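Here it is, the structure in full.
Just so you know, all these numbers are worked out from the coordinates, no wet-lab data involved. Computed from a predicted model, the values in this text were never measured in an experiment. Every residue, glycine as well, gets a Cβ built from its backbone with ideal geometry; the counts of neighbours run over all protein chains shown.
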Amino acid sequence: MKHEPARATTLTRRQLLGRTAAAGALLAFHLPLRAQGKAGAAGGEFAPNAFIRIEPDGRTVLVMPQVEMGQGVYTSVALILAEELDADYSRVVLEHAPPSDKLYGNPIFGIQVTGNSNSIRAFWVPLRRAGAAARAMLVTAAAQRWHVDPASCTAAQGEVVHAPSGRKAAYGSLVAAARQLAPPANPPLKDPRNFTLIGKPQHRYDTPDKVAGKTTYGIDVMLPGMRFATIAASPTFGGRVASVDDSAARTVPGVHKVIVDEDLVAVVGDHMWAAKQGLAALVITWDPGPNAGVDSSAIWEDLRAASAKDGVLAKANGDVAQAAKGAEVIEADYELPFLAHATMEPMNCTVQLRKDSCEVWLGTQIISRVQATVAQLTGLAPEKVTVHNHYIGGGFGRRLEPDMALKAVRVARHLDGEPVKVVWTREEDIQHDIYRPVYRDVIAATLKSGRIDSWKYKISGSAVIARWLPPAFQKGIDIDAVDSAVDIPYDIPNLRVEYVRVEPPAVPTGFWRGVGPNNNVFATESFIDELARRAGKDPVAFRLEMLGKTPRLRAAVQHVAEKSGWGQPLPARCGRGISAQVSFGSFIATVVEAEVEDAGGVHLRRVTCAVDTGIAVSPDNIRAQLQGGLIFGLTAALYGEITIERGRVLQGNFHDYRILRMDEVPPIEVFLIESGEAPGGIGETGTTAGPPALRNAIYAATGVALRRLPIDRKRLAKGAPT
Amino acid sequence: MSLSRELKINGHAHAVEAPDDMPLLWVLRDLLGMTGTKFGCGIALCGACTVHLDGKPVRSCQLRVGAIGDREITTIEAIGATPAGARVQKAWLDLEVVQCGYCQCGQIMSATALLTSTPRPDDADINAAMAGNICRCGTYVRIREAIKKAAESAT
């Protein structure tokens, strides 16, 4: 972590990372010497910590503290553990971790969470130490057996080798002896130059089953005697069921039960089709509750009014007021809409609720929180709630919430201990999301000698952190909402960042892939382009001049400019746009090339990005995450918007909540810049990078300075009023 | 009313009790436990539920079982037994197309149908055949590459 803000007045997420990573190391290394893992697992195995279990037959189980939702983390975690363990990587077996903040808490959050692109950042050192400790114990066990100095032994491919005598011992044969040893406090870690797995081309662990249709996602759980249910929650946020006429639904073949529970109606059937048909046949009268008057225009009015107020100071360097005296102040405001996650696997959860216990099956980014909230809802002790995690058909932050589990438990409460799989329709999924909040950012800047002299940046929007991780919400500042604003990479002598917390009425807000940096980087990089134009400079040159203190990003900008053909001629109404950012511990520069049709339609022609993400654990996966992340962000920029009318979400399926499709996606090239720095985050980095680069491409192609997303095609039509 | 019927799936006869209007998707998933075929949107907008009917790609969420008759259904669970399906699955793995994987069974079914009908597809063919399959992880760039690789590997 080379890049630090020059002076910060509050805790940044990067600082949070630094502090809690130390706590995490403690967490991971003061584990008792005991076997972890599956209840009833045969004794006799070597389980020096919560991540590694080697059985006497050599079977090596690696327990995954982070969940696999497509980001490739199972492969990366396994590579890191196996690297330091010197396991036979081709034979390791991976296991989902059970709920336990103590054993599997994310060092950055303190609880068991997969999010914020921090799996590898958070676990890089703890996992290496876990692997190295286990390896050291196995080596010691072998050395003791052979009465030789452990230093004269090496390990590779699941064996300890004593080269002078030519003896070898498979890890499995050393399990009994290694169990008797205490884990070393500070096992030596490998010199990265000696890595044999990390950074090398590796296939993913999870994909063979996925291409064969064999992977069990939460929605695929099948249990004997299982019922199938689908639900309708109040379409108006905060509403309730007034009455239900279920006479027609009860005649639908296969319908077993109609459940009415405050704001929720469920139909339970022999299969999803019966449940869906039954739900469609219900005549539900809703009491819309207090939010029936809420609509998007009022939410925007509130946000705009609130953003005029002074905010809480998040960072200050120099004196922006002094710098603005006598200078021309250039000001712009940028706005981002509500967004749904629209994971391909719709929300679902399977529950079997008995009198004294509850069993839950789902794919979640927060398994321990699911356990705790289900325990709270049912009144059961947490240890009576068993949660089985699964592969996740898209997380993107949606599965950082336990609501799908709680609703399924509420359905199960009306059944007599039968297991029930509750699957949401796509419409229910989009209309009952926990939405990426609306944001409004206002930036005022001055220029001096062709560079930015002052930068006053105010972010207004929901504080997701305040609800989701209250201890991290300090001094009225959402550290996520201001993340890439306080960590702005440019050399700007006078800087001020403020935050205004504005909670939209009725609409629940949550994390969405790219989180705070999406908003900060969109506003910052859009405005930088506008300022470059005012300064009469090329957008790349303008940025490079101000990146002296951030050489890793400077290198990425130079690299992407070269690879994207920056400056080369383009046809009419085509443009290239650049965005540069430091986010999630990675340094990335992106160029989008786009064409704007005369009628205002926008076509992506080409995307190029260069990234320095430190040591690349799994290089091909980094490229894949950036390709996908860019598309995720570009989808939002081109189409994404959730709108509210009469307290309810208007969109419902992929026709009105559009996702980029094959015929709209251009070639995307990703270049990795070699680095020996600690790994940065990569799952969300591309998502943040895409929209400002596209916006700037449109700006270059048309001169239209779009300041809100999704892009407004009407403003881009030839001859449209600007 | 529930009706006993027999469906030919992946070369085997399966007896099911299902009303005529029940979509094949839910018959496969909930009655037969063949969960490789995925539910994504329910209205043929995303392609996650794609299966083959006599070798042609269809959205199983919209295909009533009463309309199938004795036509052959092929699902992801057996597509690897066809030459094109095996090539597609291999290309998918060689190029590491997959991320979360939830949509990929549908993608593979669409891609296999494309290669069966158009052994050497160009970009326009790929767009036409694949635009009905949404991937939220954004694996399209690799899907396109993998289809081309699978096509080349046939010769």
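Share of Cα-Cα pairs in segment A:617-722 beyond 22 Å, in percent?
Numbers: 2529 of 5565 pairs.
The proportion of pairs with Cα distances above 22 Å equals 45 percent.
For segment A:58-73, list residues with backbone N below 19 Å from a point placed 7 Å from the Cα of A:Asp209 toward its Cβ?
Counting backbone N atoms under 19 Å from the label point, the list is A:59-73.
Quickly work out the A:Ser243-to-A:Asn194 label distance, labels modelled 7 Å from Cα along the C-beta direction, and quote it in nm with one decimal.
7.8
Need the C-alpha centroid separation for segment A:668-713 versus segment A:236-311, integer Å.
Each part reduced to its Cα centre gives a spacing of 37 Å.
Hey, another quick one. Given H placed on each backbone N at 1.01 Å, which residues far from A:Ser586 in sequence or on other chains put an amide H within less than 5 Å of it?
Answer set, sorted by chain and number: A:Gly681.
Using the Cα centre of the protein assembly as shown as origin and beta-carbon charges of +1 (Lys, Arg) and -1 (Asp, Glu), tell me which of A:Gly269, A:Thr688, A:Pro721 is placed farthest towards the positive end of the dipole.
A:Thr688
Now, a different point. Take each of the peptides A:613-624, A:538-549, average the number of other beta-carbon atoms within 10 Å over its residues, and list them starting from the highest.
Details: A:613-624: 23.7, A:538-549: 18.5.
Packing order, densest peptide first, comes out as A:613-624, A:538-549.
Here's a follow-up. Enumerate the whole-percent occupancy of each 10 Å bin, from 0 to the last occupied one, for all C-alpha pair distances of segment A:464-612.
For segment A:464-612, the pair-distance distribution reads 10, 34, 31, 20, 5, 0.
Something else now. In a shell of Cβ-Cβ distance under 12 Å around A:Val312, excluding A:Val312 itself, what net charge do Lys and Arg (+1) and Asp and Glu (-1) give? Each step should come with its number before you reach the end.
Numbers: positive: A:Lys309, A:Lys315, A:Lys458, A:Lys475, A:Arg496, A:Arg501; negative: A:Asp310, A:Asp478, A:Glu498.
After counting each charged neighbour, the total is +3.
Let a ≥ b ≥ c be the square roots of the eigenvalues of the Cα gyration tensor of the protein assembly as shown; is it rounded (a/c under 1.5), or, if not, prolate (a/b larger than b/c) or oblate? Could the numbers behind the result be given before it?
On the way: a/c = 1.40, a/b = 1.07, b/c = 1.31.
Rounded is the answer for the protein assembly as shown, as its axis ratio a/c remains below 1.5.
Let me ask another. Take the alpha-carbon centre of segment A:502-540, take the same for segment A:156-179, and report the distance between them in whole Å.
55
Please give the FRET efficiency for B:Lys56 paired with A:Arg605, using the beta carbon to beta carbon distance and R0 = 35 Å, rounded to the nearest 0.05. Walk me through the intermediate numbers first.
Working: r = 33 Å, r/R0 = 0.95.
Calculated transfer efficiency: 0.55.
For B:Met109, what is the net charge nearby, where nearby means another residue's Cβ is under 12 Å from its Cβ and Lys, Arg count +1, Asp, Glu -1? Provide the component values of the computation, followed by the final result.
Details: positive: B:Lys38, B:Lys56, B:Arg59; negative: B:Glu77.
Charge balance in the 12 Å sphere: +2.
Now a separate question. Compute the distance from the alpha-carbon center of segment A:445-470 to that of segment A:617-649, in whole Å.
Each part's Cα centre sits 22 Å from the other's.
What spacing in nm lies between the two simple spin-label points modelled at A:Arg451 and A:Leu313, each 7 Å away from Cα in the Cβ direction?
In this crude label model, A:Arg451 to A:Leu313 measures out at 2.4 nm.
Exposure proxy check: A:Trp146, A:Trp468 ranked by fewest other beta carbons within 10 Å? Mind dumping the intermediate values first?
Values: A:Trp146 17, A:Trp468 23.
Ordered from fewest to most neighbouring Cβ atoms within 10 Å, A:Trp146, A:Trp468 come out as A:Trp146, A:Trp468.
Now for a separate question. In peptide B:25-31, what is the residue-averaged number of other protein chain Cβ atoms found within 10 Å of each Cβ? Don't skip to the answer; put the middle values down first.
Numbers: counts 2, 8, 2, 0, 8, 13, 3.
Mean partner shielding for this stretch: 5.
Bins of 10 Å, beginning at zero and ending with the bin holding the largest distance: percent of Cα pairs per bin for segment A:107-197, please.
Reading upward from the zero bin: 15, 41, 27, 13, 4.
Ok, one more. Is the C-alpha gyration tensor of chain B telling us rounded, prolate or oblate? Criteria: a/c under 1.5 is rounded; beyond that, a/b larger than b/c is prolate, otherwise oblate.
Details: a/c = 2.15, a/b = 1.75, b/c = 1.23.
Since a/c reaches 1.5 and a/b is larger than b/c, the shape of chain B is classed as prolate.
Return the lysines within reach of A:Lys309: Cα separation strictly under 18 angstrom, same-chain partners fewer than 8 residues apart disregarded; answer none if there are no such residues.
A:Lys456, A:Lys458, A:Lys475
Let me ask another. Using 7 Å Cα-to-Cβ label points, what is the B:Lys8/A:Ala176 separation (nm, one decimal)?
Rounded to a tenth, the inter-label distance reads 5.9 nm.
Taking H placed 1.01 Å from N in the peptide plane, check which residues at least 5 places from B:Asn10 or on another chain put their amide H under 5 Å from its amide H.
B:Ile73, B:Thr74, B:Thr75
Here's something else I'd like to know. Given a Förster distance of 41 Å, report the FRET efficiency between A:Glu262 and A:Asp149 from their Cβ-Cβ distance, rounded to the nearest 0.05. Show your work: numbers first, answer last.
Working: r = 69 Å, r/R0 = 1.69.
Once rounded, the FRET efficiency stands at 0.05.
Checking the a/c ratio against 1.5 first, then a/b against b/c, what shape does the Cα gyration tensor give for segment B:4-78? Working shown, then result.
On the way: a/c = 1.44, a/b = 1.26, b/c = 1.15.
Here segment B:4-78 falls in the rounded category.
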